[in-house]
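J.: Take a look at the following structure, please.
The values are calculated or read from the model by the stated rules, or taken from the named source; none is laboratory data. Please read all numbers here as calculations on a predicted model, not as lab measurements. No Cβ is skipped: glycine too gets one built from the backbone with ideal geometry, and neighbour counts run over all protein chains shown.
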Amino acid sequence: MKRLHRLTAILVKLQSRRIVQAAELADKFEVSLRTIYRDMQALTDAGVPIGAEAGTGYFLVEGYTLPPIMFTEKEANALLTASKIIKTNNDQSLINEYLEAVEKVIAVLKTTQKKKLEILNQRIFTYDQRVKHPSNSLAVIQQAITNLRVLEIQYTKASEELSKRLVEPLGVYFTNNTWIMIAYCRLRNDYREFRTDRIDKLLETQQFFHSQKFTLEDYYNRRAHLYRTNFSS
């Protein structure tokens, strides 16, 4: 990769992440750490306000924004293709939000790029297998995860019994064409998983919950440990 392209790509990475490590950039662009250090110095000399934390990484000083980024033809094609795939998932809120984002991307493309995308749009097909009960709550759940907001849900259990409860949303995953919310359930005082297509009503309350260290890896390791314990006993 030519240096100018690499510097531009580094800026995009800095704008999209709170902290970026030099080693991560070196791996991505297949250059040495020394080269990344020189690149950062070059960006700083050019007037880009880049901060650094020892042992953590680089970041853009708050308040600094980059001019609109132009997409390459391949990048635009990838976004269009992804939008076709997104349409086949079972959550309408995700479909709506993603299509809105793609429209904003298309708006900044050159006229020639837009014409090419129109051609590609007519020549990409994905099989849309409609589910019986699509969900429409993923966008709210994702926002509640990042804003630490308690959700009030009305949920239909596998037994078809209705259950109303307050939950602290912690993560989501997608499996078998279904989005699953992992949350701390205040009714059961434990972690629970909820199929979004069984959430009949969803309300983002004004209550906040305390941030906790949570990763999907730790969660599944904990589940695996409990399974092994119960199975051996």
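J.: Asn189 - would you say it is outside the structural domain of Ala82 (by TED's automatic domain parsing) and without any contact (Cβ under 8 Å) to a residue 24 or more places away in the chain?
T.: Answer is yes for this residue.
J.: Please go through the range 1-50 and give me each residue that is outside any helix (DSSP H, G or I), within 25 Å of the chain's Cα centre (by Cα) and not aliphatic (A, V, I, L, M), ordered by number.
T.: Those that are outside any helix (DSSP H, G or I), within 25 Å of the chain's Cα centre (by Cα) and not aliphatic (A, V, I, L, M): Arg17, Arg18, Gln21.
Residue-wise test of (1) under 27 Å from Ala78 (Cα atoms); (2) in a loop (DSSP other than H, G, I, E, B).
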{"site": "Gln143", "(1), (2)": "yes, no"}
{"site": "Val150", "(1), (2)": "no, no"}
{"site": "Ile180", "(1), (2)": "yes, no"}
{"site": "Arg192", "(1), (2)": "no, no"}
{"site": "Gln207", "(1), (2)": "no, no"}
{"site": "Gln212", "(1), (2)": "no, yes"}
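J.: To continue, here is another question. Restricting to the range 96-134, and then to whatever is under 18 Å from the mean Cα position of the chain (by Cα) and in contact (Cβ under 8 Å) with a residue 40 or more places away in the chain, can you tell me which residue is surrounded by the fewest Cβ atoms within 10 Å (Cβ to Cβ)?
T.: Residue satisfying both the conditions and the ranking: Asn96.
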